[in-house]
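The values are calculated or read from the model by the stated rules, or taken from the named source; none is laboratory data. From a predicted model like this one, the values you see are computed outputs, not experimental measurements. With ideal geometry, Cβ positions are generated from the backbone for all residues, glycine too; neighbour counts draw on all protein chains shown.
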Amino acid sequence: FYDIFWVFGTDVMVTVAKSFQAPIKLVFPRDWDAPKEQQFSMLGLGDIVIPGLFIALMLRMDVHRAQAAGKVISEGVKAYFYTNFIAYILGLVTTVVFMMWFKAAQPALLYLVPACLGAACLTALVRGEVTALFAWKEEEPEDKEGDKDNKDKAETKKTE
């Protein structure tokens with residue numbers, strides 16, 4: 001909602017993005033017939049990084065689940081990654097379409113977040129893995145220090 005408020009609710013985001021000259025945005029042509037100062041659209045760094053982290057997480061989940069199932073890591077086991085990558089591209093296209101339609105700045109995350117989350121949920125629904133998607137954890141359970149000492153003692157007794 002942050003992105004939506006600052007783009008639609010105020011002119012702060014657009015003003016800062018237009019005046020700030022730093023590598024925090026991608027600028028690309030929008031309309032060749034527009035006046036020079038209105039010829040470019042901007043995609044902020046957050047519009048790339050935030051969905052990118054989610055897409056990377058989906059790739060990690062695909063790989064982790066394939067390894068846990070003893071499968072070879074191949075393109076066929078990356079269903080969540082590919083659906084989310086395609087959804088991200090479609091979200092960007094939707095952003096550009098609405099930007100051109102309304103001739104106004106659009107918060108890209110307004111379209112990217114539902115596209116990516118929807119793709120992950122839809123993929124899980126089709127594959128029957130909704131519970132697995134929401135319960136997924138990559139980290140291994142940590143042994144308590146006391147448990148580790150007891151295992152070491154037990155192994156020492158076995159070797160004696």
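Listed values, structure above:
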quantity	calculated
Unmet criterion (only one of (1) part of a helix (DSSP H, G or I); (2) modelled with pLDDT under 80) for residue 125	(2)
Some residue of region 69-78 being buried (at least 16 other Cβ atoms within 10 Å of the Cβ), in contact (Cβ under 8 Å) with a residue 24 or more places away in the chain and at negative phi	no
